[in-house]
1. Output yes when any residue across the stretch 285-296 is at pLDDT 95 or above, assigned to a helix (DSSP H, G or I), among the charged types (D, E, K, R) and more than 26 Å from Lys356 (Cβ to Cβ), and no when none is.
2. Output the residue which, of all residues in the stretch 252-278 that are part of a helix (DSSP H, G or I) and without any contact (Cβ under 8 Å) to a residue 12 or more places away in the chain, is surrounded by the fewest Cβ atoms within 10 Å (Cβ to Cβ).
3. Would you check if Asn223 is buried (at least 16 other Cβ atoms within 10 Å of the Cβ) and touching a helix residue (DSSP H, G or I) at 6+ places or on another chain (Cβ under 6 Å)?
4. Being of a type in the set (Val, Ile, Thr) and surrounded by 11 or more Cβ atoms within 10 Å (Cβ to Cβ): is that true of Ile249 here?
5. Give the residues of the stretch 302-322 that are of a type outside the set (S, T, N, Q) and more than 24 Å from the chain's Cα centre (by Cα), sorted by residue number.
6. Take the stretch 109-128 and flag every residue that is assigned to a helix (DSSP H, G or I), surrounded by 14 or more Cβ atoms within 10 Å (Cβ to Cβ) and either out of contact with any helix residue (DSSP H, G or I) (no Cβ under 6 Å at 6 or more places or on another chain) or not aliphatic (A, V, I, L, M) (or both).
7. Restricting to the stretch 74-108, what's the tally of residues that are surrounded by 15 or more Cβ atoms within 10 Å (Cβ to Cβ), modelled with pLDDT of 75 or more and over 20 Å from Glu46 (Cβ atoms)?
8. Need the failing condition index for Trp167 against (1) over 21 Å from Asp111 (Cβ atoms); (2) outside the structural domain of Ala355 (by TED's automatic domain parsing); (3) at pLDDT 95 or above, just the number.
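The values are calculated or read from the model by the stated rules, or taken from the named source; none is laboratory data. Being a predicted model, the structure only gives us computed values, none of them experimental. Note that each Cβ is placed from the backbone with ideal geometry, even for glycine, and that neighbours are counted across all protein chains shown.
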Amino acid sequence: MTEDIPAANAISYSFNKDNTLYKELVDKPETISLQTSTVSTNVYTEKTRDHDLFHLAHILFKAGYEEKYLIKTLEIVAMNCSAPLSFEDAQKIIFEAIERASLKTRNLADDVRDVILSTSGVFLSTDIAKCLHLSTREDLKNLSIILKRINTKEHLIEKYGNKNGTWRVVDTEEEIIDIFNVDLRPFGIRMPLKIQEYVNIHKGNVIIIAGESNAGKTSFCLNVARMNRENYFVNYLSSEMQSGAELRIRLNEFEEDINLWKPVKFQFRTDNFPDKIAPDAINIIDYLDEGNDADATRMPARIRDIANKLKDGIAIIAIQKDPNKPYGFGGAGTMNRSRLYLTVTRQGVMTVVKAKMWKNKNINPNGMFCNYKLVAGCKYFMEGDWKC
């Protein structure tokens, strides 16, 4: 950019630069004359010469001028000071100014990089400026240069969208899938209506139970907790039964000693479910409330966030379903992270909408359904076998 700018113009630029020794002269041009600018000013005197030349070199370097123009400019100015400076001494001043300016830029680059590495997703350059308290024109210009360098040279960020100053942090982490040291045994979960006889569930899997209102989603979830509480830690997150009395009434329907439920951890939760997921346990979310129709579009992402928290455990997630639609609120996207997707109706029909891992290679459980009766709100009785 600066190759066609003569040294004389570089000097002129320095007089118009904010925050320099010469701002007072620029602000009061009526006081400037050949006489006052060469004789009456107190710059470039023997006492201040080295400091003034250093300052001039510093601001020209920060303005982006190449070193050859700096050297030529400083040579002209140095030779015309009231106390002339040798070319060698002028070069020394130039190199010291460049080194100091470069150090400041490097420090800012490190700060910008640290902020980026602690950030994820999309951010604005103004976010970085606010975080680092950058406000001067010079700092903001340097920030822009640094971000472009981090983009083109280090590939830590990339431009995002069409809006200026919008960036996205590139995800550089690798999560290697180990295919050698793996446990191929299915997760030994038991479920109502003997579903586990047709489908395998593995560590880290998600099961979705999508049901109409009052179709028995909570009954299914409580039965899963009851059937597995002796072999696994069960983390039960309820968004409806805030009262211990209501939950106790539901548990009493099983007609067994209440102390048998001690292995199950019951928690009331209406949102931010990923924060309460136990990575190695059976996690039951009863239920994942969709909020309103607009929020329903977020359901696949909310399910994904829960799935991402799992390690050796699994998650059973209950969601609401419109009787006239094939999937739960959130649409077909709610199937994305599930390895088993079930629907239940008020008429007592359970359907396997999706089953990724078949128990028997010769029996495809996808599309199978079973009729059942739910007695006392907790006890399942099959009416016939599973059908295709």
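1. The answer is no; no qualifying residue exists.
2. Asn259
3. When the stated conditions are applied, Asn223 passes them.
4. yes
5. Matches in the stretch 302-322: Ile316, Ala318, Ile319, Lys321, Asp322.
6. Across the stretch 109-128, the qualifying residues are Asp111, Arg113, Ile116, Ser125, Asp127.
7. Counting residues in the stretch 74-108 that are surrounded by 15 or more Cβ atoms within 10 Å (Cβ to Cβ), modelled with pLDDT of 75 or more and over 20 Å from Glu46 (Cβ atoms) gives 1.
8. Unmet for Trp167, out of (1) over 21 Å from Asp111 (Cβ atoms); (2) outside the structural domain of Ala355 (by TED's automatic domain parsing); (3) at pLDDT 95 or above: (1).
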